[in-house]
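To start, the structure under review is shown below, and the notes come after it.
None of the figures in this text is laboratory data; all of them are computed from the coordinates on show. As the structure is a computational prediction, the values presented were derived from the model and not from experiment. Quick reminder, even Gly has a Cβ in these numbers, built from the backbone with ideal geometry, and neighbours come from all protein chains shown.
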Amino acid sequence: MNASQGPPEHAPAAEPVAAPHAAPRRGPLRPLSVAPMMDRTDRHFRFFLRQLTRRTLLYSEMVTTGAVLHGDRAHLLGFDPEERPLALQLGGDDPRALAAAARIGEELGYDEINLNAGCPSDRVQQGRFGACLMKEPERVAECVAAMRAAVAVPVTVKHRIGVDDLDRYEDMLAFVDRVAAAGCDRFIVHARKAWLSGLSPKENRDIPPLRHDEVYLLKRERPHLAVESNGGIHSLDGARAHLAHVDGAMIGRAACDDPWLLAGADAAIFGDEAPGPTRREAIERFLPYVAGRRAEGVYLSHLVHGLLGLMHGRPGARAWRRILTERAVREGAGIEVLAEAAAAVPDEVLDERPAALPPA
């Protein structure tokens with residue numbers, strides 16, 4: 001979480017909260033999304049991902065309500081319309097502040113407002129939100145109801161399968177039932193429990209075992225709810241396997257480590273007939289954006305950070321990463337650095353099309 005996101009806020013009064021058992025207002029169900037990740041899913045990386053997949057739902061990094069209400073909104077919340085469909089993830093636990101922040105997000109053009117109830121970091125815990133909220137389903141329901149009353153776009157919750165000793169399936173079901181009654185439009189379930197002490201955020205992504213079977217059970221027992229599975233999904237094939245059981249699959253770190261895996265998403269997941277782009281095509285589409293942002297003073301290293309894994313596992317990957325890493329930080333570096341890095345990669349890698357997956 002960025003230190004600029006500010007202290008706890010005092011928000012203006014919200015509109016009346018939605019009535020209990022509010023009907024869902026889901027909007028289009030999108031079967032694939034890329035997870036919100038701090039210091040990863042910034043606007044530059046999202047714009048590049050849009051050159052690979054037009055239909056996958058993307059998320060902002062988490063932004064606290066204090067930052068939305070009192071911070072530099074252009075910096076924290078700005079995005080290019082090409083990044084849509086795009087969800088804004090909020091961090092907070094005050095219904096009034098969340099309602100006010102959600103309203104701002106909707107006015108700026110975000111397609112969905114998501115509440116973070118899954119992050120276990122120490123700083124998030126100090127603010128009493130993130131995974132801490134799973135211990136307070138009534139508070140989460142109040143937050144969702146307030147946001148639902150404030151905006152017309154879908155309001156969703158991303159949470160863990162459990163937290164600390166509240167890790168039985170029955171505990172998650174009780175949480176979901178209470179929040180669903182407040183009108184939550186979709187539940188994105190990270191299929192690992194979170195330990196609020198004793199494990200780092202990274203360890204919380206790796207050590208607790210995955211329990212996707214319980215996410216599947218949730219969908220079977222609550223078929224009227226929109227349920228999405230997250231955690232340990234590293235490929236489009238893996239995402240399609242989850243889609244046999246739930247409504248959506250969310251890819252996390254794999255999209256950062258190997259962004260080109262998303263080049264086949266529109267065909268494999270959404271059924272588009274056109275083949276996905278080559279790496280060369282994606283880079284060429286990205287260049288005008290890079291030139292424009294450089295003209296505004298954005299450092300090239302910030303613009304290309306999300307591209308380091310584009311050649312993952314292919315010949316030339318090491319040279320590509322080295323050139324971008326070493327030369328993008330130089331004074332005045334511009335789009336020529338991307339051209340130099342691409343020249344170090346074999347043509348057969350740059351011009352490779354994503355492999356077609358067999359019918360689901």
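Determine the shape class of the range 279-350: with a ≥ b ≥ c the square roots of the Cα gyration tensor eigenvalues, call it rounded for a/c under 1.5, and otherwise prolate if a/b is greater than b/c, oblate otherwise.
It is prolate, given that a/c is not under 1.5 and a/b is the larger ratio.
Straight-line reach only, C-alpha to C-alpha below 12 angstrom: list the aspartates and glutamates that Lys193 could link to, leaving out same-chain residues fewer than 8 apart.
Correct list for Lys193: Asp164, Asp165, Asp167, Asp171, Glu203, Asp206, Glu214.
On a full-extension model of 0.36 nm per residue, what is the gain between Lys202 and Asp257, subtracting their alpha-carbon distance, rounded to one decimal in nm? Walk me through the numbers on the way to the answer.
Numbers: separation 55, 0.36 × 55 = 19.80 nm, distance 1.50 nm.
Answer, rounded to one decimal: 18.3 nm.
Take Cys132, Cys184 and order them by how many other Cβ atoms sit within 10 Å, fewest up front.
Fewest-to-most ranking of Cys132, Cys184: Cys132, Cys184.
For the chain, with a Gaussian network of springs between Cα atoms less than 10 Å apart, report the residue from Gly232, Gly264, Gly332 with the top mean-square fluctuation.
Looking only at Gly232, Gly264, Gly332, the largest GNM fluctuation is found for Gly332.
Given axes a ≥ b ≥ c from the Cα gyration tensor, I'd like to know whether the chain is rounded (a/c under 1.5), prolate (a/b larger than b/c) or oblate. Kindly include the intermediate steps, with their values, before the conclusion.
Details: a/c = 1.84, a/b = 1.44, b/c = 1.29.
Prolate.
Calculate, in nm to one decimal, what Arg168 and Val298 gain on full extension: separation in residues at 0.36 nm each, minus their alpha carbon distance.
Values: separation 130, 0.36 × 130 = 46.80 nm, distance 4.68 nm.
Between Arg168 and Val298, full extension yields an extra 42.1 nm.
Once you place label points 7 Å from the Cα toward the Cβ at Glu348 and Arg73, how far apart are they in nm?
Label-label distance for Glu348 and Arg73, simple model: 5.3 nm.
Can you put Ile113, Ile335 in order, fewest other beta carbons within 10 Å first?
Values: Ile113 27, Ile335 18.
With the sparsest Cβ surroundings first, the list reads Ile335, Ile113.
With runs of 4+ DSSP H residues as the only contributors, calculate the mean residue ellipticity of the chain at 222 nm using -39,500 (n - 2.57) per run, divided by the residue total and rounded to the nearest 500. Walk me through the numbers before you get to the answer.
Working: 17 runs with 143 residues, N = 360.
Per the formula, -11000 deg cm²/dmol.
Just to confirm a number: summing +1 for Lys and Arg and -1 for Asp and Glu over residues other than Val290 whose beta-carbon lies under 12 angstrom from that of Val290, what do you get? Spell out each step's value before the answer.
Values: positive: Arg285, Arg293, Arg294; negative: Glu284, Glu296, Glu336.
Within the 12 Å Cβ shell, the charges total 0.
Take the alpha-carbon centre of the range 142-166, take the same for the range 88-122, and report the distance between them in whole Å.
9 Å
Can you tell me the length gained on complete extension of the stretch Leu287 to His312, counting 0.36 nm per residue apart and subtracting the Cα distance? Intermediate values should be presented prior to the final figure.
Working: separation 25, 0.36 × 25 = 9.00 nm, distance 2.02 nm.
Result for the pair: 7.0 nm of gain on full extension.
Within a 10 angstrom radius of the beta carbon, how do Asp206, Asp247, Asp185 rank from fewest other beta carbons to most?
On the way: Asp206 11, Asp247 19, Asp185 24.
Lowest to highest Cβ neighbour count: Asp206, Asp247, Asp185.
State, to one decimal in nm, how far the label point of Arg222 lies from the label point of Arg280, with both points 7 Å from Cα in the Cβ direction.
Modelled inter-label distance: 4.9 nm.
Would the range 32-82 count as rounded, prolate or oblate if I go by the C-alpha gyration tensor, calling it rounded below 1.5 in a/c and otherwise prolate when a/b exceeds b/c, oblate otherwise? Don't skip to the end; give the middle numbers.
Values: a/c = 2.54, a/b = 1.86, b/c = 1.36.
Judged from the Cα gyration tensor, the range 32-82 comes out prolate (a/c at least 1.5, a/b above b/c).
Picking from Ala87, Ala35, Ala333, which is most flexible by a Gaussian network model of the chain using Cα springs under 10 Å?
Of the options given, Ala333 has the highest mean-square fluctuation.
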